[in-house]
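To keep things clear, I will list the structure first and then write my remarks on it.
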């Protein structure tokens, strides 16, 4: 996905998960000019969010923010679903064109 530097676009996807399970979100990303801004990838508890990230306050299960990658770079976020059976991926940028690619979610273990 390509996110323009003006922040007018987000990436958002709800996913069904098993409760009380550990996961890893894997992805590649890069920033057009890291001196200008940041990319943030959040895993949010539950669903029903929209472009207003303030709705997600207090529900972040895992997050990643960067302002340095000038070539495609691998990153991962470990998180646990807790009692939730829906999680949301919320990807946004600020001040810099960003690209995110090859997103996958892997189940690590069930705790329940």
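Checked against the criterion of being in contact with a helix residue (DSSP H, G or I) (Cβ under 9 Å, 6 or more places away or on another chain), under 24 Å from residue 106 (Cα atoms) and surrounded by 16 or more Cβ atoms within 10 Å (Cβ to Cβ), the candidates 39, 44 yield just one match: 44. Residue selection: residue 5 fails the criterion of being in contact with a strand residue (DSSP E or B) (Cβ under 8 Å, 6 or more places away or on another chain), touching a residue at least 40 places away in the same chain (Cβ under 8 Å), within 20 Å of residue 76 (Cα to Cα) and not in a strand (DSSP E or B).
Go through segment 77-108 and report how many residues are surrounded by fewer than 16 Cβ atoms within 10 Å (Cβ to Cβ) and at negative phi. Within segment 77-108, residues that are surrounded by fewer than 16 Cβ atoms within 10 Å (Cβ to Cβ) and at negative phi number 9. Does residue 25 satisfy the condition of being surrounded by 17 or more Cβ atoms within 10 Å (Cβ to Cβ), within 12 Å of residue 94 (Cα to Cα) and out of contact with any helix residue (DSSP H, G or I) (no Cβ under 6 Å at 6 or more places or on another chain)? Considered against the rule, which asks whether it is surrounded by 17 or more Cβ atoms within 10 Å (Cβ to Cβ), within 12 Å of residue 94 (Cα to Cα) and out of contact with any helix residue (DSSP H, G or I) (no Cβ under 6 Å at 6 or more places or on another chain), residue 25 comes out as no. Scanning segment 60-74 for residues that are assigned to a strand (DSSP E or B) and within 17 Å of residue 94 (Cβ to Cβ) yields a total of 5. Is it the case that residue 62 is at pLDDT below 95 and surrounded by 13 or more Cβ atoms within 10 Å (Cβ to Cβ)? For residue 62, the condition - at pLDDT below 95 and surrounded by 13 or more Cβ atoms within 10 Å (Cβ to Cβ) - is met.
The values are calculated or read from the model by the stated rules, or taken from the named source; none is laboratory data. The model shown is predicted, which means the values in this text are computed figures rather than measured ones. Here Cβ is always computed from backbone atoms with ideal geometry, including for glycine, and neighbour counts include all displayed protein chains.
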